[in-house]
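Structure, as structure tokens:
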Amino acid sequence: MTIPNKEIRRANRLIKEKSPYLLQHAYNPVDLFAWSNEAFEKAQSEDKPVFLSIGYSTCHWCQFHKIRQLNRAYYMSLPFIYQTNNQYMPV
């Protein structure tokens, strides 16, 4: 099950960033943190492992092989969103 596009308009914390790359992900339903002390301190205080996004949208290989479409489908999966937001610190 995935989230319909019309329901994905709530911005996450990346909306406050200046990086064009991070701003591309500001409406991702996974509540991503930018790489920061805040993210790692919060992960440690909440005893959560870090889920590290490796930046598929800027990867030429990923674009060439259409992995971006797969990642969009995966990132819009309700079970993935719930698990990532609640059991990990997404960075």
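General remarks:
- Matching residues in region 6-26 - criterion: being of a type outside the set (S, T, N, Q), surrounded by 11 or more Cβ atoms within 10 Å (Cβ to Cβ) and at pLDDT 85 or above: A11, R13, L14, I15, K16, E17, L22, L23, A26
- Only a single criterion out of (1) open to solvent by less than 60 Å² (accessible area, probe 1.4 Å); (2) at pLDDT below 85 is not satisfied by P29, namely (2).
- Those residues of region 32-55 which are modelled with pLDDT under 85 and among the aliphatic types (A, V, I, L, M), in sequence order: I54
- When the residues of region 56-74 are filtered to those that are open to solvent by less than 90 Å² (accessible area, probe 1.4 Å) and within 16 Å of T84 (Cβ to Cβ), the one that is modelled with the highest pLDDT is A73.
The values are calculated or read from the model by the stated rules, or taken from the named source; none is laboratory data. Bear in mind the structure is a predicted one, so any value in this text is a computation, not a measurement. Glycine gets a Cβ as well: all are built from the backbone with ideal geometry, and neighbour counts include every protein chain shown. Side chains included, ligands, DNA and RNA excluded: accessible areas come from the protein's heavy atoms. Shrake-Rupley method; radii C 1.70, N 1.55, O 1.52, S 1.80 Å.
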